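Chemist: Below you will find the structure I want to go over with you.
The values are calculated or read from the model by the stated rules, or taken from the named source; none is laboratory data. This structure is a prediction, so every number in the text was calculated from the model and none was measured. All Cβ positions, even for glycine, are placed from backbone atoms using ideal geometry, and neighbour counts span all protein chains on display.
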Amino acid sequence: MSLNKPEPVQVIKQRRDAALSALVASVPYIRYLGVQFDRRGDELTAILPFREDLIGNPFLPALHGGATAAFLEIAAVIELSWLGLWEDLENGEIDLDALESGPPRPLPKTIDFSIDYLRSGLPRDAYARARVNRSGRRYASVHVEAWQDNKSRLFAQATGHFLMPDIGRNV
């Protein structure tokens, strides 16, 4: 009996990075805002690099509330999508060549999204991490926290509910 050799770590890392890149590239508004994602295993951290045009109040100066809200919602949607994609990647159910044409499934749709602006966002890079509270076949609940210099000093947080895409499962 011969055992299959495990794939080299670099091959697995490249497959995961390609899947995340395809997922992020499928949303033009993510590219417009310049949101990036740092992946460590299955954990994602969203990064909103500072740009002058993201300032809403130049007298403070403070990040625009709409840019902050969009950043948090992007973090939530990508986290939800990444969790489903991660399982398929690990099971070998995703063809990397197919990823170049876009994500393998539709993105979740926002039902509602509630934001708490805890303090002004400063003119510097922002970070966000989403935590999925519940994810079922049709519905998901996600909590997102955003910080800048100190992770324990949040400047915004949000809770969102999402309609999960129908990916052909028996209901």
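Chemist: If a residue has to be under 22 Å from Asn57 (Cβ atoms) and part of a loop (DSSP other than H, G, I, E, B) to count, how many in segment 149-158 make the cut?
Modeler: 3
Chemist: Of these, Glu43, Glu73, which one is at pLDDT below 95 and charged (D, E, K, R)?
Modeler: Values: Glu73 fails: at pLDDT below 95.
None of the others qualify; the one that does is Glu43.
Chemist: Give just the number: which of (1) touching a Phe, Trp or Tyr at 6+ places or on another chain (Cβ under 9 Å); (2) of a type outside the set (D, E, K, R); (3) closer than 26 Å to Gly34 by Cβ; (4) modelled with pLDDT under 95 does Met164 not satisfy?
Modeler: Condition not satisfied by Met164: (3).
Chemist: Just name the residue that is surrounded by the most Cβ atoms within 10 Å (Cβ to Cβ) out of those in segment 63-80 that are within 9 Å of the chain's Cα centre (by Cα) and farther than 15 Å from Gly34 by Cα.
Modeler: Here the answer is Ala76.
Chemist: Looking at Tyr29 and the list (1) free of Cβ contacts under 8 Å to residues at least 40 places away in the same chain; (2) loosely packed, with under 12 Cβ neighbours inside 10 Å; (3) not aliphatic (A, V, I, L, M), which single condition is not satisfied?
Modeler: So Tyr29 meets the others, but not (1).
Chemist: Moving on. So, restricting to strands (runs of 3 or more DSSP E) that lie completely within segment 1-94, which ones have at least 2 residues that are aliphatic (A, V, I, L, M)?
Modeler: On the way: elements: 36-40, 43-48, 55-57.
So the answer is 43-48.
Chemist: Looking at segment 125-148, which of the residues that are in a loop (DSSP other than H, G, I, E, B) and at pLDDT 95 or above is surrounded by the fewest Cβ atoms within 10 Å (Cβ to Cβ)? Steps first, please.
Modeler: To start, the set of residues in segment 125-148 that are in a loop (DSSP other than H, G, I, E, B) comprises 125, 136-138, 148.
Still in the running and at pLDDT 95 or above: 125, 148.
On the way: Asp125: 13, Gln148: 20.
This residue is Asp125.
Chemist: May I ask you to list the residues in segment 32-77 that are more than 16 Å from Leu107 (Cα to Cα) and charged (D, E, K, R)?
Modeler: Selection gives Asp38, Arg39, Arg40, Asp42, Glu43, Arg51, Glu52, Asp53.
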